[in-house]
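Report on one structure; see the data block that follows.
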Amino acid sequence: MRDNKKQFIFLLLVMILTFTLTSCNSRMANSSSTESFPDGESKKENEEIGVTTSEHSVVETDKPEPTSSATPQVVKKTDHMKILGICVDDSYKDKNNGSLKLVYLFYEFIATDKNLSIDSVYTKMTIGEKNTYESKHYSTTASALVYMPNFYYSTYIENVYLGNSINVAATFYIPSGDLVKGKTITISDSQIPDCNKILFYTDDIQFFNNPEDIAKKIDSKGYNETIKAFKEANSNTTQLVKSLVNGYYWWCYVNNIYYEIEFWEDNNFEVRTGLGTTAQGKYSVRNGYLFCTYSTNGRELRIPYQLVNGDIELQFADALDAFDGV
């Protein structure tokens, strides 16, 4: 009996030890296969949605990169202004600074909602948000405008009434370094409402070998009309025009300065000013102009004329404005 009791106790201890070892192994297996994470999900579940989780951080591997700001949108037309072209005359040579280029800005000016006024000066062009240039009247160098009668180019203010529009030219001297591609161009002018909305790029600049090519491109109709008007008139027209101008004079004011021009036989003229200066020369009759060539320097004063009901009308003031004085 005593031996049987010892055997029973031994077997009982073996069974208890076996049960304890089995329970430990089971807990260790469960711990390795279901490791917990801060968000309560298993590692296997997180790996399936592309998220790697550690004890201290969560990294989303598929998160998109931030995008850069959008390129400014091109605006070439508003209610009062429409850009028609921007051109460079490569034949122009700057005597003082070889980097300056003669730049033409062509636009339509529209009196959409009220009467407005415009001229060709004091328009500001900003390039690349850094350098600003102001338009001026370059009568002796802006030769393209000689062949572009359908564009207004003057220091005088022109009234544009409600519902009407006018094509305008403005000229600038701009260094070539600011005319390379990729720079923004903006416009400001107190006479043009909402022109600050205009924005385009130097990529739109067109380069030409001479001023005549600019005129052909931008105002082809006006160019053809001007070439015809510049040609020598036939003998009948020449004699008629001479009979209507010789022995007469015309006068006007330009920039508050008095000017008068007198013609006499056979083809002589003289220009006098309120400043006491005079200049003489010879004139020739063209189909639509009087070409008055100064004997002192060879410059030409080109005066437009029209034959109306047997009489002649001279645009003397327009010619002086384009010519920039005597």
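No value in this document is a laboratory result; all are computed from the given coordinates. Everything quoted here is computed from the prediction, not taken from an experiment. Cβ sites come from the backbone with ideal geometry, for glycine too, and all protein chains shown count toward neighbours.
Starting from 0.36 nm per residue, how many nanometres of slack lie between Asn209 and Thr278 once their C-alpha separation is accounted for?
The Asn209-Thr278 span can extend by a further 21.2 nm.
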Computed Rg/Rh of segment 202-326, alpha carbon atoms with Kirkwood Rh: 1.03
For Trp250, Trp264, order by how many other beta-carbon atoms lie within 10 Å, fewest first: Trp264, Trp250
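On a full-extension model of 0.36 nm per residue, what is the gain between Phe230 and Lys197, subtracting their alpha-carbon distance, rounded to one decimal in nm? Could you put the intermediate results ahead of the total?
Numbers: separation 33, 0.36 × 33 = 11.88 nm, distance 3.99 nm.
So the chain would gain 7.9 nm between Phe230 and Lys197.
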Tyr161 versus Lys114: modelled label distance in nm, points set 7 Å from Cα along the beta carbon direction: 1.8 nm
Spin-label proximity, Thr140 to segment 97-131 - amide N less than 19 Å from point 7 Å beyond Cα toward beta carbon: 97-103
Gained length - Lys130 relative to Trp251, 0.36 nm times residue gap less alpha-carbon distance: 39.0 nm
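Thinking of segment 80-155 as a set of Cα atoms, what percent of all their pairs are more than 17 Å apart?
That tail contains 53 percent of the Cα-Cα pairs.
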20 Å Cα-Cα threshold exceeded, pairs from Lys93/Lys130; Lys82/Lys217; Lys136/Lys181; Lys216/Lys282; Lys181/Lys216: Lys93/Lys130; Lys136/Lys181; Lys216/Lys282; Lys181/Lys216
Largest-first ellipsoid semi-axes for segment 104-202, taking √(5λ) over the Cα gyration tensor eigenvalues, angstrom: 23, 18, 11
